[in-house]
Amino acid sequence: MSQNILNAQRWGLALQNNYGTPQISLDHGVGSEVWDVDGKRYIDMLAGIATNILGHANLGINKAIRDQSERLTHVSNFYSHESGIALAEKLRELTGDKQSRIFFCNSGAEANEAAFKIARLTGRRKIVATHGAFHGRTMGALSLTGQPAKQKPFKPLLAGIKHIPFDDIAAAKKAISKRVAAFIVEPIQGENGVIVPSPNYLKAIREFTQEKGVLLILDCVQTGMGRTGNWFGFEESGIEPDVITLAKGLGAGLPLAAMITLSGVANGFGPGSHGSTFGGSPISCAAALAAISQIEDQSLLSKVKQNELTLKIELSKVALVESVRGSGLLIGVELKEPIAKEMISDLVLDGVLANATNESTIRLAPALNIEDSLILEFIEIFRKVAKKYER
Ligand SMILES: Cc1ncc(COP(=O)(O)O)c(C=O)c1O
């Protein structure tokens, strides 16, 4: 019997059903290729949903993890450690803001919870967020998430949060008042289908929030760490937010997240106001430092932009494709028909991992260092699969 099927049965009996039962069980990977437990090979166009930014089994990251694990794995927050300090310093350098300060945690939801608490320290209570946003599933982050289907079973959520349409400048102007503590938004809505706002959206929001003394929190959990061809996903807008949240790619596959306050934040955390036992673990920080130095040394941010162009040009030519949107290697392929889920199943059969964010959108978020040959192989497979659906 197939080991994939056996593992699906074991999973179904042993784990909660919150993800549905995965039909593919992965065994190992190298770079942007992975193999399942039955030996089938896939091109990984999803990278753990924008998380394994340098692919699988990266030698530099593995060495950093190994070296760190031979010295310290965990120290508690009573003590500091070199990799945590060095990573915080590096992130401050990447923000370019000398007033920036880092809080480490483990997941995107936790980073947004920390940002939420920073917002409460302003003394104001209200938060503005956007429809369709995804900020995580813990109760605070879920309250910020703008997706009623995910929220409904868990109500009541936190009070005082107003959701307004994404990319609607007039709605933002109206909602941002002196009673609002913070506005939280993704530079690109990832989970909602790679929705890119108009070029002046973030700039307009920055102006309104600055005028009213409202914190601007940019959730860069999915867009951060080079995914868009720059470090955080908002740089092209030319603005500086007050708070940045990061997770996913930050640990390059290890659990790590960060909440970064910038110079617009008057009250950061004081002793005892927040914490996380595992946040900023020596091993995760060592992996993150190794990943950042490879991204810099191999000029991967410009390679991301080149591959964005190749994917946009080639996939736009496919008859079934309505449009290709996104930035860098966070790409949404909009299909003319609501067949994204069927297409994903066919892509899997032909050896490609990607996902459908809704009925008509396929999301691609491969590793930043994916080989050009794998991008070309993926495009060929995509063309072949799409042909099946062309009338
Ligand atoms: C923009 C954004 N924020 C927050 C989260 C939540 O991250 P986590 O699943 O690590 O809690 C996600 C996860 O997809 C995300 O895309």
Residues of the stretch 228-280 that turn out to be within 16 Å of the ligand (Cβ to nearest atom) and in a strand (DSSP E or B), as a count: 10
Scope the stretch 303-326; condition open to solvent by less than 60 Å² (accessible area, probe 1.4 Å), in a helix (DSSP H, G or I) and either over 14 Å from Pro366 (Cα atoms) or out of contact with any Lys or Arg (no Cβ under 8 Å at 6 or more places or on another chain) (or both); matching residues: Lys303, Asn307, Glu308, Thr310, Leu311, Lys312, Glu314, Leu315
Test: residue in the stretch 1-10 that is at pLDDT below 95 and either more than 28 Å from the chain's Cα centre (by Cα) or in the same structural domain as Phe134 (by TED's automatic domain parsing) (or both): yes
Boolean, Phe232 is under 13 Å from the mean Cα position of the chain (by Cα) and open to solvent by less than 30 Å² (accessible area, probe 1.4 Å): yes
Residue in the stretch 374-391 that is most open to solvent (accessible area, probe 1.4 Å), counting only those that are in contact with a helix residue (DSSP H, G or I) (Cβ under 9 Å, 6 or more places away or on another chain) and hydrophobic (A, V, I, L, M, F, W, C): Leu376
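Give the number of residues within the stretch 292-314 that are over 18 Å from Ala50 (Cβ atoms) and in contact with a strand residue (DSSP E or B) (Cβ under 8 Å, 6 or more places away or on another chain).
Let us first name the residues in the stretch 292-314 that are over 18 Å from Ala50 (Cβ atoms), namely 293, 296-299, 302, 306, 309-310, 313-314.
Restricting the remaining residues to those that are in contact with a strand residue (DSSP E or B) (Cβ under 8 Å, 6 or more places away or on another chain) gives none.
Of the residues in that region, 0 qualify.
Just to be sure, is Leu144 in the same structural domain as Leu262 (by TED's automatic domain parsing), surrounded by fewer than 24 Cβ atoms within 10 Å (Cβ to Cβ) and either more than 16 Å from the ligand (Cβ to nearest atom) or not aromatic (Phe, Trp, Tyr) (or both)?
When the stated conditions are applied, Leu144 does not pass them.
Would you call Arg124 in contact (Cβ under 8 Å) with a residue 24 or more places away in the chain and away from the ligand (no atom under 15 Å from the Cβ)? Before the answer, list the steps.
Working: in contact (Cβ under 8 Å) with a residue 24 or more places away in the chain: yes; away from the ligand (no atom under 15 Å from the Cβ): yes.
Here the answer is yes, as Arg124 does meet what is asked.
Of the residues Leu72, Leu54, only one is under 20 Å from Pro282 (Cβ atoms), in a loop (DSSP other than H, G, I, E, B), open to solvent by less than 30 Å² (accessible area, probe 1.4 Å) and at pLDDT 95 or above; which? Walk me through it before giving the result.
Values: Leu72 fails: open to solvent by less than 30 Å² (accessible area, probe 1.4 Å).
Just one listed residue meets the conditions, Leu54.
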Hey, Asn77 in the same structural domain as Met225 (by TED's automatic domain parsing) and within 16 Å of the ligand (Cβ to nearest atom) or not: no
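Taking the conditions exactly as written (more than 22 Å from Asp44 (Cα to Cα), open to solvent by less than 30 Å² (accessible area, probe 1.4 Å) and at pLDDT 95 or above), does Pro282 satisfy them or not?
Working: more than 22 Å from Asp44 (Cα to Cα): yes; open to solvent by less than 30 Å² (accessible area, probe 1.4 Å): yes; at pLDDT 95 or above: yes.
The answer is yes for Pro282.
For residues that are assigned to a strand (DSSP E or B) and of a type in the set (Phe, Trp, Tyr), scanning just the stretch 11-51, find the one that is nearest to the chain's Cα centre (by Cα). Give the derivation first.
Of the residues in the stretch 11-51, the ones assigned to a strand (DSSP E or B) are 26-31, 33-36, 41-44.
Subset that is of a type in the set (Phe, Trp, Tyr): 35, 42.
On the way: Trp35: 24, Tyr42: 22 Å.
The extreme case among them is Tyr42.
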The stretch 3-40: number of residues that are surrounded by 12 or more Cβ atoms within 10 Å (Cβ to Cβ) and closer than 30 Å to Ser373 by Cα: 19
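State yes or no: is Lys150 within 16 Å of the ligand (Cβ to nearest atom) and surrounded by fewer than 21 Cβ atoms within 10 Å (Cβ to Cβ)?
On the way: within 16 Å of the ligand (Cβ to nearest atom): yes; surrounded by fewer than 21 Cβ atoms within 10 Å (Cβ to Cβ): yes.
Taking the combined requirement at face value, the residue satisfies it.
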Test: residue in the stretch 157-174 that is away from the ligand (no atom under 16 Å from the Cβ), touching a residue at least 24 places away in the same chain (Cβ under 8 Å) and crowded, with 22+ Cβ neighbours inside 10 Å: yes
Where Leu91 falls short, out of the listed (1) open to solvent by 80 Å² or more (accessible area, probe 1.4 Å); (2) assigned to a helix (DSSP H, G or I): (1)
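The values are calculated or read from the model by the stated rules, or taken from the named source; none is laboratory data. Keep in mind that this is a model prediction, so the values were computed, not measured. Note that we place each Cβ from the backbone using ideal geometry, even for glycine, and neighbour counts take in every protein chain shown. These accessible areas exclude ligands, DNA and RNA; they are computed on the full protein's heavy atoms, side chains included. Shrake-Rupley method; radii C 1.70, N 1.55, O 1.52, S 1.80 Å.
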